[in-house]
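K.L.:
To start, I am sharing the structure in question, which I have written as structure tokens.
The values are calculated or read from the model by the stated rules, or taken from the named source; none is laboratory data. Remember, predicted model here, so these are calculated numbers, not experimental data. No Cβ is skipped: glycine too gets one built from the backbone with ideal geometry, and neighbour counts run over all protein chains shown.
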């Protein structure tokens, strides 16, 4: 019932898909390509910084025990030779929590691989210059990000719930905070994303920006 | 006789001076009573108060005298922070109970720790090591300031007897000094009747070499000296670098009641050793070997040692920061003498001698001294500040005199409580003293603290020396008995707080409770054990009576202050292990029965539960041992 002369322009779902096809086939601008390159480059320093930082404060540890989760490893703070990871594990054994062991985290193997893949795909998108690549990348990355977050939450939950029933100190199962502050026994625990997480977020935002900036078909010169 | 009357006149004159001064200054001012309420108290409180959580500005290392320890305090709070065990077993840190420290102590269970000396670079404290001598058993020890632990005890040093004039260091810690206070026939364990004291008994002064990298000490050389009693020393620096000085009393070579017999001459000596020449003499083969040590006889090596006459029965000899003046204090007179190193060297060159003692030239007193400073009664020991002032302790007078180097003018005096021995100013024996603080190390303290009965502590008084007038600002008390101390800027020390796993080189260290194990070969049982909050692993040990048991115990913690102890009842063992440390405990399980072992150093909420049993099966084998189990570990009747 369209009154427009655009009989060539299909309507309804088909029309939307068609328009999507056109959109995905759009070439991206040079500016968007450059943004994709910058986004890719941001992934490199993400290996230098932790994805997540947990700090546990108590009266005995006014400077806090630090736990750093990198994309490829688990590390404790080392103020004045102290080993915070060892200390956290020592304290946790009283409530029957399993020690945090790097070898128990398969994430440390696949996350660096996946980040590397995103690096390559971002460069690919910049070179090929098709909107479809940029969108694929953004969606996959969003999924990766949300999955990792869920996985991290699941880990925390698992550690806090699978407590040894023989433990000296019985505590109700708990989930350490994913974001923010939580009181656990005599410790105030702060959990926040680290610099690497912000780099990954920036990666995603830059991709979205690249998509946004090339969203309209360019007028041929 | 003439000498005697001169001394009497001198002492009389001194006493009279003191009396006149007392009258002039008013009775109260001479007695170190309380601070005047109000301004003085507030000022002192502010100057010494270190608020909770705040840190002191200086470390103070006191010697513990015949307690054999070194005490560590903070200045200006004067709070005692820790005790470093050196010459005495100290269960508090498990010192003397594990294999290493027990072997270091050897056959001795006490020592007389006298003069701590911080290692120096270019005449200033470098914060690496603290050395301390043992006056009783002729040893010197090195404390590593990385972890505040005694790491080496050298000695008994051959030939040295009563190592009192020690452990002063040369400006780059090339050497630390050693000397005999009690001359004996040499080598040690040789015999000669006391009647032959003047000829057959020998004094010794010498040097212990310090490895510049590791701090490892070894006896370098010694010099054979007349049988005087070598008392205190100091190494030259700056203008006097290359020289070492020791005071001595009993130039009379007397025996018997030394209080009388050794105080007859008007003057004793300061022995001045040119240690560079001593090195040369040893190199050119002029030394002989006595009891394994290169010993120089001054007769064979002229130019190594000279004697400087000093007012009688001197105690301290202290070199000024620039090295120009050598300050000798005769404790029975009211003057301290400032010798000039240029004049000393000049007298050596021009052979301006007045005689000799066993071939050692005696320099002419008048030719080498710059001044006799009228400091007061019983001068003992001198320290320096950053403004060109010297501070001399006055034992008899119970006071400190402040006087100016060069003008020799006494500008201030402060009474102390009571009978001051040594004193220590902030880095006050280095090339660059800091001024600001001085601690009087007093021998008597009665009435200054809550009474604790007849065994009184010593008193250490903090004095502010930053102004024109010295101001007493704090009284602190220590266990017996500080003889000297060193005060070093806290920022110069960077101690570790845990032994890092990577730095633990003990081949028997283990880091996981899963690696704990018991290995037997013959009657030797070796156990690798862990200690971590709140358990030992293994938590029980079964051995046979007569077994040689060795426990390699590692504290696998890596957290500051998580210290564990291992106390084994009835076997007289208490070892303490710091985080990351491994210690070896070895003993023969000669008593059958069941013996608890437990953590002695409070560690955690479940510290009480940190315990285990050593089960020693009696000789007689399985039957007896099953009886042990049958009675549930109560092996009282199984013997």
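K.L.:
If a residue has to be in contact with a strand residue (DSSP E or B) (Cβ under 8 Å, 6 or more places away or on another chain) and within 14 Å of chain A (Cβ to nearest Cβ) to count, how many in region B:553-572 make the cut? Lay out the reasoning, then the answer.
P.N.:
Within region B:553-572, the first condition is being in contact with a strand residue (DSSP E or B) (Cβ under 8 Å, 6 or more places away or on another chain), and the residues that meet it are B:553-557, B:562-571.
Next cut, within 14 Å of chain A (Cβ to nearest Cβ) only: B:554-557, B:562-564.
Selection size over region B:553-572: 7.
K.L.:
Any chance region B:88-110 includes a residue that's over 30 Å from residue B:579 (Cα atoms), within 17 Å of the chain's Cα centre (by Cα) and buried (at least 18 other Cβ atoms within 10 Å of the Cβ)?
P.N.:
Initial filter on region B:88-110 (over 30 Å from residue B:579 (Cα atoms)): none.
No; the residues of region B:88-110 include none that is over 30 Å from residue B:579 (Cα atoms), within 17 Å of the chain's Cα centre (by Cα) and buried (at least 18 other Cβ atoms within 10 Å of the Cβ).
K.L.:
Which residue is nearest to the other protein chains (Cβ to nearest Cβ), if the candidates are limited to region A:169-182 and must be in a loop (DSSP other than H, G, I, E, B) and surrounded by 14 or more Cβ atoms within 10 Å (Cβ to Cβ)? Quick ask: steps written out before the conclusion?
P.N.:
Step one: list which residues in region A:169-182 are in a loop (DSSP other than H, G, I, E, B), which gives A:169-179.
From what's left, surrounded by 14 or more Cβ atoms within 10 Å (Cβ to Cβ): A:171, A:174-178.
Details: A:171: 13, A:174: 19, A:175: 24, A:176: 20, A:177: 23, A:178: 26 Å.
So the residue we want is A:171.
K.L.:
Run down B:530, B:550 and say which single residue is within 14 Å of another protein chain (Cβ to nearest Cβ) and either touching a strand residue (DSSP E or B) at 6+ places or on another chain (Cβ under 7 Å) or part of a loop (DSSP other than H, G, I, E, B) (or both).
P.N.:
Numbers: B:550 fails: within 14 Å of another protein chain (Cβ to nearest Cβ).
From the options B:530, B:550, the qualifying one is B:530.
K.L.:
List the strands (runs of 3 or more DSSP E) that sit entirely inside region B:264-362 and contain at least 3 residues that are touching a strand residue (DSSP E or B) at 6+ places or on another chain (Cβ under 6 Å). Outline the logic, then answer.
P.N.:
Working: elements: B:267-274, B:287-290, B:293-296, B:305-311, B:314-319, B:325-330, B:336-340, B:353-357.
Result: B:267-274, B:293-296, B:305-311, B:314-319, B:325-330, B:336-340, B:353-357.
K.L.:
Against the condition part of a loop (DSSP other than H, G, I, E, B) and farther than 29 Å from residue A:87 by Cα, how does residue B:580 come out, does it pass?
P.N.:
No: the conditions fail for residue B:580.
K.L.:
Would you pick out the residues in region B:199-253 that are part of a helix (DSSP H, G or I) and surrounded by 24 or more Cβ atoms within 10 Å (Cβ to Cβ)?
P.N.:
Kept after step one, since they are part of a helix (DSSP H, G or I), are these residues of region B:199-253: B:199-200, B:238-240.
B:240 - this is the single residue of region B:199-253 that is part of a helix (DSSP H, G or I) and surrounded by 24 or more Cβ atoms within 10 Å (Cβ to Cβ).
K.L.:
Can you say whether residue B:422 is touching a strand residue (DSSP E or B) at 6+ places or on another chain (Cβ under 8 Å) and part of a loop (DSSP other than H, G, I, E, B), as far as the supplied structure shows?
P.N.:
On the way: touching a strand residue (DSSP E or B) at 6+ places or on another chain (Cβ under 8 Å): yes; part of a loop (DSSP other than H, G, I, E, B): no.
Answer is no for this residue.
K.L.:
Going by the conditions given, is residue B:542 part of a strand (DSSP E or B), more than 12 Å from every other protein chain (Cβ to nearest Cβ) and exposed (fewer than 15 other Cβ atoms within 10 Å of the Cβ)?
P.N.:
Working: part of a strand (DSSP E or B): yes; more than 12 Å from every other protein chain (Cβ to nearest Cβ): yes; exposed (fewer than 15 other Cβ atoms within 10 Å of the Cβ): no.
The answer is no for residue B:542.
K.L.:
Same structure again: Is one or more of the residues making up region A:57-65 modelled with pLDDT under 95 and under 23 Å from the mean Cα position of the chain (by Cα)?
P.N.:
No, region A:57-65 contains no residue that is modelled with pLDDT under 95 and under 23 Å from the mean Cα position of the chain (by Cα).
K.L.:
Within region A:24-126, which strands (runs of 3 or more DSSP E) (wholly inside it) include 1 or more residues that are free of Cβ contacts under 8 Å to residues at least 60 places away in the same chain?
P.N.:
Because the criterion is at least 1 residues that are free of Cβ contacts under 8 Å to residues at least 60 places away in the same chain, the strands (runs of 3 or more DSSP E) in region A:24-126 that meet it are A:65-69, A:74-76.
K.L.:
With the requirement that a residue be within 12 Å of chain A (Cβ to nearest Cβ) and in contact with a helix residue (DSSP H, G or I) (Cβ under 7 Å, 6 or more places away or on another chain), what does region B:578-607 give you?
P.N.:
B:580
K.L.:
Among the listed residues B:389, B:325, which satisfies the condition of being within 28 Å of the chain's Cα centre (by Cα) and either free of Cβ contacts under 8 Å to residues at least 24 places away in the same chain or more than 30 Å from residue B:224 (Cα to Cα) (or both)? Can you show your working first?
P.N.:
Numbers: B:325 fails: either free of Cβ contacts under 8 Å to residues at least 24 places away in the same chain or more than 30 Å from residue B:224 (Cα to Cα) (or both).
Step by step, each of B:389, B:325 is checked, and only B:389 is within 28 Å of the chain's Cα centre (by Cα) and either free of Cβ contacts under 8 Å to residues at least 24 places away in the same chain or more than 30 Å from residue B:224 (Cα to Cα) (or both).
K.L.:
Follow-up question, since we're still on this one. Among the residues of region B:472-512, which ones are under 21 Å from residue B:420 (Cα atoms) and either within 14 Å of chain A (Cβ to nearest Cβ) or touching a helix residue (DSSP H, G or I) at 6+ places or on another chain (Cβ under 7 Å) (or both)?
P.N.:
Correct list: B:473, B:474.
K.L.:
Counting only residues that are in contact (Cβ under 8 Å) with a residue 24 or more places away in the chain and closer than 13 Å to residue B:576 by Cβ, how many does region B:598-609 have? Full working, then the answer.
P.N.:
Quick first cut of region B:598-609, residues in contact (Cβ under 8 Å) with a residue 24 or more places away in the chain only: B:598-601, B:603-607, B:609.
Imposing the further condition that a residue be closer than 13 Å to residue B:576 by Cβ reduces the set to B:598-601, B:603.
Within region B:598-609, residues that are in contact (Cβ under 8 Å) with a residue 24 or more places away in the chain and closer than 13 Å to residue B:576 by Cβ number 5.
K.L.:
Looking at region A:192-205, can you tell me whether even one residue there is at pLDDT below 95 and part of a strand (DSSP E or B)?
P.N.:
Scanning region A:192-205, I find at least one residue that is at pLDDT below 95 and part of a strand (DSSP E or B), so the answer is yes.
K.L.:
Further question: Of B:525, B:575, which residue is closer than 26 Å to residue B:82 by Cβ, in a strand (DSSP E or B) and more than 14 Å from chain A (Cβ to nearest Cβ)?
P.N.:
Working: B:525 fails: closer than 26 Å to residue B:82 by Cβ.
None of the other options fit; the residue is B:575.
K.L.:
Here's something else I'd like to know. Scan the strands (runs of 3 or more DSSP E) fully inside region B:86-177 and keep the ones with 1 or more residues being out of contact with any strand residue (DSSP E or B) (no Cβ under 6 Å at 6 or more places or on another chain) and within 18 Å of residue B:210 (Cβ to Cβ).
P.N.:
B:117-121, B:124-134, B:149-154
K.L.:
(1) crowded, with 20+ Cβ neighbours inside 10 Å; (2) closer than 21 Å to residue A:198 by Cα; (3) away from every other protein chain (no Cβ under 14 Å): which one isn't true of residue A:66, the others all being true?
P.N.:
(3)
K.L.:
Could you figure out which of (1) within 30 Å of residue B:447 (Cα to Cα); (2) assigned by TED's automatic domain parsing to the domain that holds residue B:274 isn't true of residue B:352?
P.N.:
The failed condition is (1).
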